[in-house]
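In what follows, a single structure is set out as structure tokens and then discussed.
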Amino acid sequence: MPPTIVLVHGAFAESASWDDVIDPLLSAGHPVIAAANPLRGLATDAAAVGDLVRTIDGPVVLAGHSYGDAVISNVDPDAGQIVGLVYVNGFAPDSGDTAFSLAGMFPGSTLGEAVQPVPRSDGTTDLYIRQERFHAQFCADVPAPQAARMAVTQRPATQEALVEPTGERPLWKEAPSWFLIGAEDRNIPAAVQHWMAERAGSRRTIEVPGASHAIAVSYPAATADLILAAAALPVAA
């Protein structure tokens, strides 16, 4: 049974950010689900993805982008037969790490200057990237009309989710991982991504010169190829 591939988007994006990655995965014979990441809180978001994984028969590869990678790292290892993790310009946090703390470990992130906070009536704060800053900040290698649409359709994450610590059992300690890194990522510096990949014992780490944070949009073939490499790893009986 070919692994089912579950794609988990991050903050300031939505499931359609995987659109051009999906076709090659389907063509290779894999069932694919682009999960709707709630973006409300790290533990609850991971629980939502874990609940989805529990409904899947057979092996599963989890591929995340950005904050979505923090989410897949916090999925319950016992949720299913999770055989691989693919980190696409994302966070691979250890216990106690937060997305914000990791993004600030190395210089290069300009996200803090680009976000627009929106206080909510429930006491939380949604964070958007200001539309006039979105193209340069998030997807500088995407054509301007497409970037404008992405800015309009972005989904906010709560500030609380981005400062919530990872749990005691990060999944990359129990499943093999692969990393795809955009050299010009302005949200999560490439240097910290390489550091996390080394810490996680990445099976393969690829840096794409010139690629922005939205690497799954600007380099969908490279993204799909790495996910397919993870899905091709023999599954233990």
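Elements of the type helices (runs of 4 or more DSSP H) sitting completely within the range 158-237 and holding at least 3 residues that are touching a helix residue (DSSP H, G or I) at 6+ places or on another chain (Cβ under 9 Å) and either over 26 Å from G41 (Cβ atoms) or at pLDDT below 95 (or both): these cover 220-231.
Residue-wise test of (1) more than 19 Å from P38 (Cα to Cα); (2) touching a His at 6+ places or on another chain (Cβ under 8 Å).
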site: P59; (1), (2): yes, no
site: A63; (1), (2): no, no
site: S66; (1), (2): no, yes
site: S73; (1), (2): no, no
site: P77; (1), (2): yes, no
site: G80; (1), (2): yes, no
site: G84; (1), (2): yes, no
site: V88; (1), (2): no, yes
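Of everything in the range 182-204, what is open to solvent by 60 Å² or more (accessible area, probe 1.4 Å) and touching a residue at least 24 places away in the same chain (Cβ under 8 Å)? Give them in sequence order. E184, R186, W195, R199, R203, R204, listed by residue number.
Hey, can you tell me all the residues within the range 102-132 that are in contact (Cβ under 8 Å) with a residue 60 or more places away in the chain and part of a helix (DSSP H, G or I)? The answer is L102, A103, L111. Here the range 158-181 is the region considered, the condition is being within 15 Å of V75 (Cβ to Cβ) and charged (D, E, K, R), and the residue that is most open to solvent (accessible area, probe 1.4 Å) is E168.
G68 satisfies every condition listed in (1) surrounded by 24 or more Cβ atoms within 10 Å (Cβ to Cβ); (2) in a loop (DSSP other than H, G, I, E, B) except (2). Taken across the range 76-86, residues that are acidic (D, E), open to solvent by less than 10 Å² (accessible area, probe 1.4 Å) and closer than 19 Å to P176 by Cα do not occur at all. Does Q146 satisfy being part of a helix (DSSP H, G or I), surrounded by 19 or more Cβ atoms within 10 Å (Cβ to Cβ) and in contact (Cβ under 8 Å) with a residue 60 or more places away in the chain? No: the conditions fail for Q146.
The values are calculated or read from the model by the stated rules, or taken from the named source; none is laboratory data. The structure displayed is predicted, hence computed values, not measured ones. Note that each Cβ is placed from the backbone with ideal geometry, even for glycine, and that neighbours are counted across all protein chains shown. Protein only, heavy atoms only, side chains kept; ligands, DNA and RNA dropped before computing areas. Shrake-Rupley method; radii C 1.70, N 1.55, O 1.52, S 1.80 Å.
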